[in-house]
Amino acid sequence: MIILHECPLSMVEHRGFKTFVNSLQLLFPHVSINTIKKEILGIYEVEKFKTQQVLEGNQGRIATTTEIWTTSNQKRGYMTVTCCAHILNLIVRAGLSAIETVIEVIRNSVAFWTTTPNRVETFEEAGR
């Protein structure tokens, strides 16, 4: 839950979190920030290994872009990693949105001409 929702590690010390854990099972031990940190680092190492295995088996190329940014109210910096495929997807979507009306006209035309065998025949004759 902490990883999934990007909660701070200190969440395990919040009264509400402890109440939540107790409501699940009274025998669950309360964990410390250090325990959570070790668990998260363990998960990171496993996922890192899996990613390395996938990348080693890849026959193609993968490009990533990193960017560091900070927020105006914090002194902490953040690094984002963007995959080339994601950027390409954004570019293609932007391009398709520019010609969206043309694509719709073509789809409607295809739907019209393929509705009945007579229309298909008429269309094929017009193309000859």
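Tell me, which residue of region 12-39 that is at pLDDT below 90 and either touching a Phe, Trp or Tyr at 6+ places or on another chain (Cβ under 8 Å) or within 28 Å of CYS83 (Cα to Cα) (or both) is surrounded by the fewest Cβ atoms within 10 Å (Cβ to Cβ)? Only one residue fits best here, namely ASN22.
When the residues of region 13-38 are filtered to those that are assigned to a loop (DSSP other than H, G, I, E, B) and of a type in the set (A, V, I, L, M), the one that is nearest to ILE3 (Cα to Cα) is VAL31. Among residues of region 1-17 that are over 17 Å from TYR44 (Cβ atoms), those with a beta-carbon under 8 Å from a residue that is aromatic (Phe, Trp, Tyr) and part of a helix (DSSP H, G or I) at least six positions away or on a different chain give the pairs MET11/PHE17.
Answer with yes or no whether GLY42 is among the small types (Gly, Ala, Ser) and either at pLDDT 80 or above or surrounded by 10 or more Cβ atoms within 10 Å (Cβ to Cβ) (or both). The answer is yes for GLY42.
Annotation note: Cβ proximity below 9 Å between a residue of region 55-75 that is surrounded by fewer than 10 Cβ atoms within 10 Å (Cβ to Cβ) and hydrophobic (A, V, I, L, M, F, W, C) and a residue that is modelled with pLDDT under 70 and not in a loop (DSSP other than H, G, I, E, B) (sequence gap 6+ or interchain) occurs for ILE68/GLY77; ILE68/TYR78; ILE68/MET79; ILE68/THR80; TRP69/GLY77; TRP69/TYR78; TRP69/MET79; TRP69/THR80.
Somewhere in region 82-103, is a residue among the small types (Gly, Ala, Ser) and in a loop (DSSP other than H, G, I, E, B)? Taking every residue of region 82-103 in turn, none turns out to be among the small types (Gly, Ala, Ser) and in a loop (DSSP other than H, G, I, E, B).
Determine whether region 66-76 contains at least one residue that is modelled with pLDDT of 90 or more and either more than 28 Å from MET1 (Cα to Cα) or of a type in the set (A, V, I, L, M) (or both). No.
The values are calculated or read from the model by the stated rules, or taken from the named source; none is laboratory data. Just so it is clear, the model here is predicted, and its values are computed rather than measured. In this analysis, Cβ positions are derived from the backbone assuming ideal geometry, glycine residues included, and neighbour counts consider all displayed protein chains.
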